[in-house]
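What follows is a short report on a single structure.
FYI, it's all coordinate maths here, none of it is from the lab. All values derive from a computational prediction rather than experimental measurement.
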Amino acid sequence: MKFAKIVLVTLAVVGSVAVAYAKGERTVPEAMARAQLMDDVRTNMGVLGGMAEGKVAFDAAAAAAARDALIADADKISEAFAVQGADDPASEAKPEIWTDWDAFLVKAGGLKSAAEAVDTTSLDTVKAGLGGLGGACKACHQTYRE
């Protein structure tokens, strides 16, 4: 039952990112770059989630590559959000990102910590790590994403 909850939270986070694209095309370059970065995060979360759900065969090398990409993407968050671009009509970024910058960086840093904690040596350990990843995404999105 616990695993099902983890998968559902992860899928909800991944799905909410997809909904963001339904708002339309971004026009502000900074918002476009942020959206691309978040799309990369969604893609790599999808790799791990697909394995956890049994939709994709477990592959330790592919899981490690997805985890490593999440770590690298997490390192890019502060740079990607450094310039406010929330005035883009299709942006999902709330102004609170920039008015509460230090707290935003702490929450964004949770993604890196959660990704670093994922053990990709087995399917069970990948499943165990998804809760932390989904929780890190949710914590930031609840506060800083429309």
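Structure summary
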item: Percent RCO, i.e. relative contact order, over the range 25-146, from Cα pairs under 8 Å lying at least 6 residues apart; result: 31
item: Cross-link partners of K127 among aspartates and glutamates (Cα-Cα below 12 Å; sequence separation of 8 or more within a chain); result: E53, D119
item: Estimated vicinal HN-Hα couplings, Hz - the range 106-123 in sequence order (Karplus 6.51, -1.76, 1.60; Gly, Pro = x); result: 5, 5, 4, x, x, 5, 4, 4, 5, 5, 5, 7, 6, 8, 9, 7, 8, 4
item: Amide H contacts under 5 Å for A93, placed H, 5+ residues apart; result: E146
item: Backbone HN-Hα couplings from phi across the range 32-44 [Karplus 6.51/-1.76/1.60, Hz, Gly and Pro as x]; result: 5, 5, 5, 4, 5, 4, 5, 5, 5, 4, 4, 4, 6
item: Prolate/oblate/rounded label for the range 105-144 (Cα gyration tensor, a/c 1.5); result: oblate
